[in-house]
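In what follows, a single structure is set out as structure tokens and then discussed.
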Amino acid sequence: DPAGLMNCFMGFSTFAAKPLINIHDCAVLPAFRRRGVCTAMMARLEAHARERGCCKITLEVLQGNAPAKAAYEKAGFEGYELDPNMGAAVFWQKKLK
């Protein structure tokens, strides 16, 4: 039976002129949490990204989701700023009806 899911898509960094992978969803079933499932999925995705010549892996995480943030930090992720004078990047959306 599956223990987790990582839904990703390829993108392209215009700044680096190289492909990237974005993690759209990452979830581990409650019965499998704290057993290294997320770490294993992240490691496999990173290997896949390197094989494809990607410059980075991106994701978004809710500010209050401490367990997810800890897992992502453990995997080497961090917040980013394109320009420190302009501040951190912010995710926006426009819902289509």
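At R0 = 35 Å, how high is the FRET efficiency between N65 and S13 if r is their beta carbon distance? Nearest 0.05 is fine. My answer for the efficiency is 0.90. Ligands, DNA and RNA left out, the 1.4 Å accessible surface of the chain is 56% carbon and sulfur atoms.
Can you give me the Kirkwood hydrodynamic radius for the chain, using every pair of distinct Cα atoms, in Å to one decimal? Hydrodynamic radius (Kirkwood, Cα pairs) of the chain is 14.9 Å. Close amide-amide hydrogen proximity is noted between K56 and I21, each under 5 Å apart and 5 or more residues distant or on a separate chain (H modeled in the peptide plane; Pro and chain starts excluded).
In debye, nearest 20, what is the charge dipole magnitude of segment 1-51 about its Cα centre with +1 on Lys and Arg Cβ and -1 on Asp and Glu Cβ, if you could check? Working shown, then result.
Numbers: 6 positive and 4 negative charges, 36 e Å.
Taking the Cα centre of segment 1-51 as origin, the dipole is about 180 debye.
Taking the Cα centre of segment 58-97 as origin and assigning +1 to Lys and Arg Cβ atoms and -1 to Asp and Glu Cβ atoms, the resulting dipole is close to 380 debye. Sparse packing (at most 13 other Cβ atoms within 10 Å of the Cβ) combined with a DSSP loop state is found for the following chymotrypsin sites (Phe, Trp or Tyr not before Pro) in segment 1-69: F15.
Highest mean first, the peptides 60-66, 2-8 sorted by other C-beta atoms within 10 Å per residue fall in the order 2-8, 60-66.
The values are calculated or read from the model by the stated rules, or taken from the named source; none is laboratory data. Nothing here was measured: the structure is a model prediction, and the numbers come from that model. Positions of Cβ are backbone-derived with ideal geometry, glycine not excepted, and every protein chain shown enters the neighbour counts. Accessible surface areas use protein heavy atoms only, side chains included; no ligands, DNA or RNA. Shrake-Rupley method; radii C 1.70, N 1.55, O 1.52, S 1.80 Å.
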